[in-house]
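Everything below concerns the one structure shown next.
The values are calculated or read from the model by the stated rules, or taken from the named source; none is laboratory data. Quantities reported herein were computed from a predicted structural model and do not represent experimental measurements. Counting neighbours? That spans all protein chains shown, and the Cβs are built from the backbone with ideal geometry, glycine included. Keep in mind that these areas ignore ligands, DNA and RNA; they rest on the heavy atoms of the full protein, side chains included. Shrake-Rupley method; radii C 1.70, N 1.55, O 1.52, S 1.80 Å.
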Amino acid sequence: MLARVGVLALQGDVREHLSALSHCGADATPVRLPADLAAVDALVLPGGESTTMSRLIRVFDLETPLRHRLSEGMPTMSTCAGLILLSRTVLDGRPDQLTFGALDVEVRRNAYGRQRESFEADLKVEPLGVAPFRAVFIRAPRIEATGPDVEVLASFDGNPVAVSSGLHLGLGFHPEMTGDVRLHQLFLRRVEEALEVNAA
Ligand code: GLN
């Protein structure tokens, strides 16, 4: 079943995710308005700046519809700032920044340093097999605690950097920047399986 996957298109790496998803065969579409959100099966929350996205979510009246879709079990793939938005607890955040709590993780913003301390690393990501995944970290959040239902798919320096919980995939790095679409593929497979189960 062809999945219609939205990319939260308020700020950040929107185009790159749309193109990775289209490349994997999804019907990929930007989500800016509540009506856009209502029309998608799943949502990618991109990297960028979580405080800015948080503000724009309020400006575009997306907070309530997004909480509603998440409570209904809409699958998500969140990266970096997107992961911060979906976390249960944000450390070193702004007091007014939104958290949606779909992922039972505690993250610390900018814990790996500033923009110029961005780095890349080859990760072993459990479901992707032996070929390493080249991960780009840009002012990345560090996942400092995970709840009991959260599965760690990859770690770096002793901390999780890729996690999965139900149909939520959370990444501290930027998978849309390297041309390696295996994580988008993994997400899409999960979304399509869920759609088939619901349609059956
Ligand atoms: N530091 C950013 C934030 O707090 C996240 C950086 C990123 O998404 N690459 O939102």
- Task: Give me the distance in nm between label points sitting 7 Å out from Cα along the Cα-to-Cβ direction at Met1 and Leu33, one decimal.
- Result: 2.6 nm
- Task: Please calculate how many Å² of accessible area the chain carries per residue, with a 1.4 Å probe and no DNA, RNA or ligand atoms counted.
- Result: 44 Å²
- Would you mind calculating the gained length between Asp149 and Arg134 on full extension (0.36 nm times residue separation, minus the Cα-Cα distance), in nm to one decimal? 2.8 nm
- Note on the structure: Long-range amide H partners of Val125, meaning residues 5 or more apart or on another chain whose placed amide H is closer than 5 Å, are Phe133
- DSSP H helices in the chain with Cα extent of 20 Å or more along the helix axis and mean Kyte-Doolittle hydropathy at least 0.5? none
- Query: Mind listing the phi-derived Karplus ³J(HN,Hα) values for region 127-141, rounded to whole Hz, using 6.51, -1.76 and 1.60 with θ = phi - 60°, and x for any glycine or proline?
  - Reply: x, 9, x, 7, 5, x, 9, 6, 10, 9, 10, 10, 6, 6, x
- Item | Long-range HN-HN contacts of Ala3 with modeled amide H, under 5 Å | Asp27
- Item | Under-5 Å amide H pairs with Met77, H placed in peptide plane, nonlocal only | Leu43, Val44, Leu45, Leu169
- Message: If you take every DSSP beta bridge fully contained in the chain, what fraction is antiparallel? Give it as a percent rounded to 5.
- Response: 50 percent
- Viscosity 1.002 mPa s, temperature 20 °C, Stokes-Einstein D of the chain from Kirkwood C-alpha radius, µm²/s: 130 µm²/s
- Query: Taking Cα centroids, how far is region 106-120 from region 34-98 in Å?
  - Reply: 20 Å
